[in-house]
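Engineer: My structure is below; once you've seen it, I'll send some questions.
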Amino acid sequence: MMQTLKLHIYRPGKTEPETKISIPLSVLHISEKLLPKRAKESLDKEGIDLSELGSLFAKQGPKGKLIEVENATERLVIIVE
C-alpha cells in the first residue's frame, strides 16, 4: 500500500482543518512544486522541508502523526498514513 503524506492546516480554535492536502510519498519530490501558496508558507514559516521528509520515507519510515506545530495564527499537522 502506498504511503501518503497529509498536511492539515487549522485556524485557531477550530477542530476541522481549513486546508487538507494529501501527497503520495512516491511523488513528493514533484508534488512539492504544486503545493498551494498558503501550505508552502506554513511549512516555510516552521522550517519544514518536504524534500527532506521524502528522503526519510524512501524506506518505509514511521506512520501516524509526525509533527504538530501551533502558533497564534494556525495549527499545522503532518501525518503519514
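Laboratory data are not the source of any read-out in this text; all were calculated from the coordinates shown. The structure presented is a predicted model; accordingly, all values stated were derived computationally and were not measured.
Engineer: Could you work out [θ]222 nm for the chain from helices alone, using -39500 (n - 2.57) per DSSP H run of at least four and dividing by all its residues? Round to the nearest 500 deg cm²/dmol.
Structural biologist: For the chain, the value works out to -6000 deg cm²/dmol.
Engineer: Any of Lys6/Lys63; Lys37/Lys65; Lys6/Lys65 with alpha carbons more than 18 Å apart? Name them for me. Show your work: numbers first, answer last.
Structural biologist: Numbers: Lys6/Lys63 11 Å; Lys37/Lys65 23 Å; Lys6/Lys65 9 Å.
Pairs exceeding 18 Å: Lys37/Lys65.
Engineer: State the label only: which of (1) 32, 24, 8; (2) 21, 13, 11; (3) 35, 15, 9 corresponds to semi-axes √(5λ) of the Cα gyration tensor in Å computed from the shown model?
Structural biologist: (2)
Engineer: What relative contact order, as a whole-number percentage, does the chain give when Cα pairs under 8 Å and 6 or more residues apart are counted?
Structural biologist: Values: 114 pairs, mean separation 31.4, N = 81.
Taking the mean separation of contacting Cα pairs over the length of the chain, I get 39 percent.
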